[in-house]
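Student: Quick one: this structure, given as structure tokens, is what I'll be asking you about.
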């Protein structure tokens, strides 16, 4: 059973009298433990696909099964629960709370999940250790480098033990050396068993993944798995 399965997924936006088809019948399967890059130029539909996979939006047509749950028909409350339980998000802008320490930022998904304070702190510490930031738990975002902020964001994404780590242009705001370090961290997390879906327009970032799905004009143009 695939972890992610989309069948004939469409997303249509109505702009005045015009219909814009951002996705036109996308069918993909991603297995547990895969490391996949979703690629495509600006306007290709890759961000729309990411929003559907991440349960941030619902399709106009078609079905989406995530971890054997039919999410394409869910309401906003059900989607919010799935997002918190199943998906760890990593964004290029980090999206950290500026006044909260690294530890408190990482704890946030556990607060929403209703985890007890003592457990929350321990799990957040463990997640920060995984991204090699154990020494920086008490620092606020403005006391951290860009790479360290992204590590905090990755720890926050990991803290709920999600089914998928969904990363949107995770090196977009980093210099090339720091970007390489972050991609090395993703490789390590993948080796530890995490399923990673990476959305990027940069071929050198996508090259770290073991499989690349190229989206163009709202459709899958190419789906290539590299030999391990």
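Student: Considering only residues of the stretch 62-105 that are buried (at least 17 other Cβ atoms within 10 Å of the Cβ) and more than 26 Å from residue 186 (Cα to Cα), which is modelled with the lowest pLDDT?
Tutor: Step by step, filter the stretch 62-105, then rank; the result is 72.
Student: Oh, and also: Taking the stretch 103-131 only, how many residues are in a helix (DSSP H, G or I) and either under 25 Å from residue 142 (Cβ atoms) or touching a helix residue (DSSP H, G or I) at 6+ places or on another chain (Cβ under 7 Å) (or both)?
Tutor: Final tally of qualifying residues: 20.
Student: All but one of (1) within 21 Å of residue 48 (Cβ to Cβ); (2) crowded, with 19+ Cβ neighbours inside 10 Å hold for residue 217; which doesn't?
Tutor: Of everything listed in (1) within 21 Å of residue 48 (Cβ to Cβ); (2) crowded, with 19+ Cβ neighbours inside 10 Å, residue 217 misses just condition (2).
Student: OK, next. Looking at 185, 158, 214, which one is touching a strand residue (DSSP E or B) at 6+ places or on another chain (Cβ under 9 Å) and closer than 24 Å to residue 103 by Cβ?
Tutor: 158
Student: Identify all residues within the stretch 47-102 that are touching a residue at least 40 places away in the same chain (Cβ under 8 Å) and assigned to a strand (DSSP E or B); write none if there are none.
Tutor: 61, 62, 63, 64, 65, 66, 87, 88, 89, 90, 91
Student: Using the structure shown, decide if residue 25 is over 25 Å from residue 209 (Cα atoms), modelled with pLDDT of 90 or more and more than 16 Å from the chain's Cα centre (by Cα).
Tutor: Judged against the criteria, residue 25 is not a match.
Student: Related question: Which residues, taken from the stretch 193-205, are touching a residue at least 40 places away in the same chain (Cβ under 8 Å) and either closer than 18 Å to residue 48 by Cα or over 16 Å from the mean Cα position of the chain (by Cα) (or both)?
Tutor: Within the stretch 193-205, 196, 197, 198, 199, 200, 201, 203 meet the criteria.
Student: Then there is this: Taking the condition surrounded by 14 or more Cβ atoms within 10 Å (Cβ to Cβ) and either touching a helix residue (DSSP H, G or I) at 6+ places or on another chain (Cβ under 7 Å) or at pLDDT below 95 (or both), does residue 45 pass?
Tutor: Taking the combined requirement at face value, the residue satisfies it.
Student: Here is a follow-up. Considering only residues that are under 18 Å from residue 206 (Cβ atoms) and part of a loop (DSSP other than H, G, I, E, B), which ones fall in the stretch 32-46?
Tutor: Correct list: 34, 40, 41, 42, 43, 44, 45.
Student: Right, another one. Looking only at the stretch 8-34, which residues are surrounded by 15 or more Cβ atoms within 10 Å (Cβ to Cβ) and farther than 15 Å from residue 218 by Cβ?
Tutor: 30, 34
Student: OK, next. Restricting attention to the stretch 175-188, which residues are within 12 Å of residue 151 (Cα to Cα) and surrounded by 14 or more Cβ atoms within 10 Å (Cβ to Cβ)?
Tutor: 178, 179, 181, 182, 183, 185, 186
Student: Okay, moving on. Tell me whether the stretch 207-219 contains one or more residues that are closer than 23 Å to residue 22 by Cα, more than 15 Å from the chain's Cα centre (by Cα), in contact (Cβ under 8 Å) with a residue 60 or more places away in the chain and part of a loop (DSSP other than H, G, I, E, B).
Tutor: yes
Student: If you go through the stretch 141-171, how many residues are over 14 Å from the mean Cα position of the chain (by Cα) and part of a loop (DSSP other than H, G, I, E, B)?
Tutor: Residues meeting the conditions: 2.
The values are calculated or read from the model by the stated rules, or taken from the named source; none is laboratory data. Since the structure is predicted, the reported quantities are computational estimates derived from the model, not experimental observations. FYI the Cβ positions are ideal-geometry reconstructions off the backbone, even for glycines, and counts take in every protein chain you see.
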